[in-house]
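What follows is a short report on a single structure.
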Amino acid sequence: MQAHLVRSLLLLGGLLAAGAALAHPGHGAHEGHTLAAGLAHPFAADHLLAVLAVGLWSVLALPAGKAWQGPVLFLLALPLAAWVGLTGFMLPFMEWALALSVLLFGALMLLAAARQRLPAAVGLGLVLLAGLLHGLSHGFAAPGAGLAVYGLGIMVATAALHGTGMLVGLGVQRWLTERSRKLAVTGLGGALLAGGGVLLLGHLAA
């Protein structure tokens, strides 16, 4: 049972990394100003992997009872940075930075698997930075009209993805032995690294 669950988690992580790296929906003002467009936006490859990773890492790396801090911090950072993005401000090489954020979370997962966790404040600082980067990207790509409902869709989808990552993390903690847990977390971290690497290589080759 343990081995089957570990294989399922590893397969899920690999499929998410590969599928997300090949698809990038929900970008650009031409997509429409609807709630559906906002809901689709976080399912772009870089956003999807990073947002899932925040929920997963928060459960596995933060002290018990404080796993909510990572997702909440990310969600607070999104609208703040999006407001800046709406002004037309954008950092150079933003797509590279978003891919690097996925690689960063992969590295954090591997550290968690090796029980070499960063101090909670440092990890949360990195979550905040990632949230600001992703929020800036969301704001810059947002439509000029229908912004409120579009933004609501982004926030709802992001919260749902955070929750999914947290549920996976809780499952890993509660249902796996220590050895199987380490294997699963290592595999999920490796999947994030692979997905981020594919994204980064794609941007470098573009």
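The values are calculated or read from the model by the stated rules, or taken from the named source; none is laboratory data. Note that the structure is predicted; figures quoted are calculated from it, not measured. A quick note on method: Cβ atoms are made from the backbone with ideal geometry, for glycine too, and the neighbour counts reach across all protein chains shown.
For segment 163-182, the criterion of being among the β-branched types (Val, Ile, Thr) and closer than 28 Å to Met90 by Cβ is satisfied by no residue at all.
Screening Leu91, Leu80, Leu56 for residues that are among the aliphatic types (A, V, I, L, M), under 20 Å from Leu110 (Cα atoms) and touching a residue at least 12 places away in the same chain (Cβ under 8 Å) leaves exactly one candidate, Leu56.
Of all residues in segment 47-64, those being farther than 21 Å from Leu152 by Cβ, modelled with pLDDT of 90 or more and not aliphatic (A, V, I, L, M) number 2.
Tell me which residues, restricted to segment 160-190, are out of contact with any Gly (no Cβ under 9 Å at 6 or more places or on another chain) and among the hydroxyl-bearing types (Ser, Thr, Tyr). The answer is Thr177, Ser180, Thr186. The residues on offer are Gly190, Gly144, and the sole one that is more than 13 Å from the chain's Cα centre (by Cα), small (Gly, Ala, Ser) and not in a helix (DSSP H, G or I) is Gly144. Quick one: which of Gly125, Gly139, Gly106, Gly153 is part of a helix (DSSP H, G or I) and free of Cβ contacts under 8 Å to residues at least 12 places away in the same chain? Just one listed residue meets the conditions, Gly125. Candidates are the residues of segment 108-135 that are over 27 Å from Ala82 (Cα atoms) and in contact with a Ser or Thr (Cβ under 7 Å, 6 or more places away or on another chain); the one that is surrounded by the fewest Cβ atoms within 10 Å (Cβ to Cβ) is Leu110. Could you go through segment 168-177 and let me know if any residue there is buried (at least 17 other Cβ atoms within 10 Å of the Cβ) and either at positive phi or outside any helix (DSSP H, G or I) (or both). Within segment 168-177, one or more residues are buried (at least 17 other Cβ atoms within 10 Å of the Cβ) and either at positive phi or outside any helix (DSSP H, G or I) (or both). Leu62 meets all of the listed conditions (1) under 26 Å from Trp175 (Cβ atoms); (2) surrounded by fewer than 16 Cβ atoms within 10 Å (Cβ to Cβ) but one, namely (2).
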